[in-house]
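Inspection log for the structure reproduced underneath, given as structure tokens.
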Amino acid sequence: MATKPSRGAFIVIEGLDRSGKSTQAATLLERLQSRNIPVKFHKFPDRVTPIGQMIDSYLRSKSDLDDHVIHLLFSANRWELAATVEQTLNSGTHIVCDRYAFSGIAFTASKPSQIPFEWCRTPDISLPAPDLILYLDISPNKAKERGGYGEERYEQEEMQTRVREVYRRMREETMAVGSNRESENRPQWVEIDAGRSVEDVGKEIWIHVEPFVQPSGISKPIGRLWM
Ligand code: FDM
Ligand code: MG
């Protein structure tokens, strides 16, 4: 049995649609579970809650909502799980999370309505911050070739191209030296070339995750987004 760490690590996987997030999340979960490392999985949007059902209906174009409203619903959908996330981490269980607030900003800020980046970021301020962001980078062109595209809103190459640009901006801001936050309390943003085989991407992900899931655990407190 692995010993329980002081607190669990919060690991978020981000990327464009068809970048392989869900596959890699499943692989990572199996890796951890096979080592008896306690881990829980979350996925945003969580389409099960009442708010999640509204989001699901919007994404499948069954309903229409103002761009600000849907943005706030995505954020609310994270807030309704925030206390659970904290409890889970504090109990020593790690969390692997498929999409988080970075998706929220990247997609809304990429819309033709040109909602300002700072406005997009505001509702998620002070959510539990991830310790590690695994950004699966893929060109929209290559993602499109993987098929299964075009069934939901946002699954168009033009939109995905803009989304990738916003992700780049967030990566730069997260890694920027000279931000007023302590560097050790800053989430670590790792960019992974997701255009390779499932195995190769999985191996690289594990190299980055392993230091975060040691039995000694994580001693620093849970961070807050953008604070
Ligand atoms: N999405 C996801 C957003 O626009 N905002 C958010 O806050 C989140 C979490 O929802 F196109 C978008 C991203 C994607 C769509 O996500 C559904 P999945 O991972 O394909 O289910
Ligand atoms: Mg999708």
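The values are calculated or read from the model by the stated rules, or taken from the named source; none is laboratory data. None of the values given here were measured: they were computed from a predicted structure. All Cβ positions, glycine included, derive from the backbone under ideal geometry; neighbour counts span all protein chains shown. For the accessible areas, the whole protein counts, side chains as well, though only heavy atoms, and no ligand, DNA or RNA atoms are used. Shrake-Rupley method; radii C 1.70, N 1.55, O 1.52, S 1.80 Å.
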Report task. Filter segment 70-98 down to residues that are among the hydroxyl-bearing types (Ser, Thr, Tyr) and open to solvent by 30 Å² or more (accessible area, probe 1.4 Å) and give me whichever is farthest from the chain's Cα centre (by Cα). Result -> Ser91
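Scan segment 80-109 for residues that are assigned to a loop (DSSP other than H, G, I, E, B) and in contact with a Phe, Trp or Tyr (Cβ under 8 Å, 6 or more places away or on another chain) and jot them down. First the steps, then the outcome.
First, pick out the residues of segment 80-109 that are assigned to a loop (DSSP other than H, G, I, E, B): 91-93, 99-100.
Of everything in segment 80-109, those that are assigned to a loop (DSSP other than H, G, I, E, B) and in contact with a Phe, Trp or Tyr (Cβ under 8 Å, 6 or more places away or on another chain) turn out to be Arg99, Tyr100.
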Requested in this report: Give Glu118, Glu199, Glu165 a once-over and let me know the one that is under 30 Å from Arg60 (Cβ atoms) and more than 18 Å from the chain's Cα centre (by Cα).
Outcome: Glu118
